[in-house]
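Readers should treat all values here as calculations from the given coordinates under stated rules, not as data from a laboratory. Being a predicted model, the structure only gives us computed values, none of them experimental. Every residue, glycine among them, receives a Cβ derived from its backbone with ideal geometry; neighbour counts consider all protein chains shown.
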C-alpha cells in the first residue's frame, strides 16, 4: 500500500427500452440517479398511454435518488395497475414500500411468477 487513497468508480448508469406491441420493458443497468433520471423521465412521458404493461427490470439497481422516485410515481400513476418492478434488490424494495410506491406497482421478486 502506497498511502494514496483508492478511488473506485462505478460503471456509468444506463437503461434500455424495448417496446413490443402493447408492452414496454425498461432494463436499468446501474443506479437510477442524476446520470440517467432525466432521460428516464423523457422516456416515461413519451410512452403511449394504451400500453397494457410496463416492466421495469431493477435487478441491477442499488440506489435510486429522490427525483427518480418522483418519476417512478408519475409512471405508476400514468399506467395505474400496469407497472411491474421486476427483481428489485432489498434496498430498492424497502424504498418502494416506505414511499408507498409498492401500493401503485406490482413487485415481482426473482423466481416468482
Taking 7 Å along the Cα-to-C-beta vector as the label spot, tell me the residue 25-residue 73 distance in nanometres, rounded to one decimal.
-> 3.0
A student applying the Cα gyration tensor rule (rounded when a/c is under 1.5; otherwise prolate if a/b is larger than b/c, oblate if not) would label the stretch 14-113 rounded
Most fluctuating residue of 74, 50, 16 in a GNM of the chain with Cα springs under 10 Å: which is it?
-> 50
Residue 45 and residue 18 label points (each 7 Å along its Cα→Cβ direction) are spaced in nm at 2.7
Distance in nm between label sites at residue 94 and residue 63, each 7 Å beyond Cα in the beta-carbon direction?
-> 1.6
Taking neighbour counts of Cβ atoms within 10 Å as a proxy for exposure, in what order, fewest first, do 53, 26, 98 appear?
-> 98, 53, 26
What is the helix-to-structure angle for 37-46, meaning the angle in degrees between its Cα long axis and the longest Cα principal axis of the chain, kept from 0 to 90 and rounded to the nearest 10?
-> 10
Using DSSP, restrict attention to beta bridges with both residues in the chain and report what percent are antiparallel, rounded to the nearest 5.
-> 35
Most mobile listed residue (47, 72, 96) in the chain, GNM with C-alpha springs under 10 Å = 47
